[in-house]
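The values are calculated or read from the model by the stated rules, or taken from the named source; none is laboratory data. Here the structure is a predicted model, which means the values were calculated and not measured. Cβ placement follows ideal geometry from the backbone for every residue including glycine, while neighbour counts extend to all protein chains displayed.
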Amino acid sequence: GCDKNMPGCLMGLARLNRPSVFVYGGTILPGCFQKKDVDIVSVFEAVGKHANQQMTDRQLANLEACAIPGAGSCGGMYTANTMASAIEALGMSLPNSSAQAAVSSDKRSDCQRAGEAVMRLLKWGIRPRDIMTRKAFENALTVITALGGSTNAVLHMLAMAHSAGVKLSIDDFTRIGRRVPVLADLKPSGKYVMAELVRIGGLTPLMKMLLDKGLLHGDCLTVTGQTVTENLTKVKPYPKGQDVIRGFDNPIKKDGHLVVLYGNLAETGAVAKISGKEGLRFEGVAKVFDSEEKALKAILKGSIKKGDVIVIRYEGPKGGPGMREMLSPTSAIMGKGLGKDVALITDGRFSGGSHGFVVGHVTPEAAEGGLIGLLKNGDRIVIDAEKRSVNAKLTKSEISKRRRQWKAPKARYTKGVLAKYAKLVTSAHLGAVTDA
């Protein structure tokens, strides 16, 4: 399992609506470098450190050699582990199957149990859409929030809900985030990797905590044929003394980390991941780039300074086309030591491993004439997580003037599947689906 194939599987299951069980491939085990757990994001951030002369060629090579020790998805609470956990909370995979290492005997057992489970679903006539209800999606959003999960979950959950015929919007993340705290101290914003969550008992004790607090719908059906409440009845709490998952009296963040922003730069919404470590407000000067590659080159070259807001545009669903993830630029920012000093906004996505003051999924995107496509170097941009806003300090007359002068760029592809995709795909705030 990785970022996009997991929601892709669930979209297919929902459309076909045949008895099904989702099986996650499992998380990778962490590597060890200088007596610390490391993973793929450690390597990306090391590239920034290397460019900043804080790491030698040999050190970078040694890290690269040990960061990915075997099979499995990226090892923090990045997009794959976020989506695996969300799918389990949704009820479409077996209890605790999201919290298993790819190379473990538990994962082999999970595969066998999934086969047994799907035969029972066939016998009982339970189909995916019986499970993938509005309340089940709310359970998934609750678990995503408690885990401090990836911004990509917003895009993926919207697309999955669309395929299941369930009405879900980006504002549902705001609504649930106002009542659900972040409890997991997991990478990229925290200190632990997924293997540590596996070690202390996996996902089910967290779900039991949320259920006991009245934050989950316990009557939702799951692929076991039982309800969420029935699945969690005999689950034991996490061991005393562990600090991977905090209690409600000492959360990582008292409310949700996925913040939906609106403003003249995002009339139909944008998504930020705010852990609190990066601050709640940022005002700076735009440095505008029309591709990820150009932005990355500038960051590594040292052209980005304290107080800059990096703008990466024409990377949205239509503009890309395909909405790439900006892991390389965000990692380079962190590696350069600029995580608290610069911000980044884009109509593209982020990796689940991205962190810092970053705003993605800006809609309307540049390719559709959104204001992000009209920005110029030197424009002042204000990102305010408390007010849930993202704005360019431009007058209405200036915006109108630029809009009249703007010309849509030529399509990057005029034939083939990417050309068809660019014509069909909807906005990110709708899940970037192609069959709306």
Q: Would you point out which residue out of Gly360, Gly369 is in contact with a Phe, Trp or Tyr (Cβ under 7 Å, 6 or more places away or on another chain) and without any contact (Cβ under 8 Å) to a residue 60 or more places away in the chain?
A: Gly369
Q) Of the residues that make up the stretch 179-202, is at least one touching an Asp or Glu at 6+ places or on another chain (Cβ under 7 Å), farther than 24 Å from Ser331 by Cα, crowded, with 22+ Cβ neighbours inside 10 Å and hydrophobic (A, V, I, L, M, F, W, C)? A) no
**Q.** Enumerated helices (runs of 4 or more DSSP H) restricted to the stretch 1-77, each holding at least 2 residues that are among the hydroxyl-bearing types (Ser, Thr, Tyr) and in contact with a Cys (Cβ under 6 Å, 6 or more places away or on another chain)
**A.** none
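Residues Lys376, Lys387, Lys401: which one is in contact (Cβ under 8 Å) with a residue 40 or more places away in the chain, assigned by TED's automatic domain parsing to the domain that holds Pro321 and either surrounded by 14 or more Cβ atoms within 10 Å (Cβ to Cβ) or not small (Gly, Ala, Ser) (or both)? Lay out the reasoning, then the answer.
Working: Lys387 fails: in contact (Cβ under 8 Å) with a residue 40 or more places away in the chain; Lys401 fails: in contact (Cβ under 8 Å) with a residue 40 or more places away in the chain.
Within the list Lys376, Lys387, Lys401, the selection yields Lys376.
What about Asn81, is it touching a strand residue (DSSP E or B) at 6+ places or on another chain (Cβ under 6 Å), within 27 Å of Ser42 (Cβ to Cβ) and part of a helix (DSSP H, G or I)?
yes
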Q) Does Ser42 satisfy the criteria of being of a type in the set (Gly, Ala, Ser), in the same structural domain as His217 (by TED's automatic domain parsing) and either crowded, with 17+ Cβ neighbours inside 10 Å or at pLDDT 95 or above (or both)? A) no
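Take the conditions among the charged types (D, E, K, R), part of a helix (DSSP H, G or I) and modelled with pLDDT of 95 or more and apply them to Glu315. Does it pass? Break it down into steps so the answer makes sense when it comes.
On the way: among the charged types (D, E, K, R): yes; part of a helix (DSSP H, G or I): no; modelled with pLDDT of 95 or more: yes.
So Glu315 fails the test.
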Q: Looking only at the stretch 149-173, count how many residues are surrounded by fewer than 20 Cβ atoms within 10 Å (Cβ to Cβ) and under 15 Å from the mean Cα position of the chain (by Cα).
A: 0
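Please go through the stretch 164-192 and pick out each residue that is assigned to a loop (DSSP other than H, G, I, E, B), modelled with pLDDT of 95 or more and more than 21 Å from Gly269 (Cβ to Cβ).
If we filter the stretch 164-192 for residues that are assigned to a loop (DSSP other than H, G, I, E, B), which is where we start, we get 165-169, 178-181, 183, 185, 187-191.
Next cut, modelled with pLDDT of 95 or more only: 165-169, 178-181, 183, 185.
Matches in the stretch 164-192: Gly165, Pro181, Leu183, Asp185.
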Q.
Under 7 Å between Cβ atoms, which residue pairs at least 6 apart in sequence (or on different chains) link something in the stretch 300-315 that is touching a residue at least 60 places away in the same chain (Cβ under 8 Å) with a partner that is surrounded by 12 or more Cβ atoms within 10 Å (Cβ to Cβ) and among the acidic types (Asp, Glu)?
A. Arg313/Asp290; Arg313/Asp347; Tyr314/Asp290
Q | Only one of Ala80, Ala71, Ala61, Ala65 that is of a type outside the set (D, E, K, R) and crowded, with 16+ Cβ neighbours inside 10 Å | A | Ala80
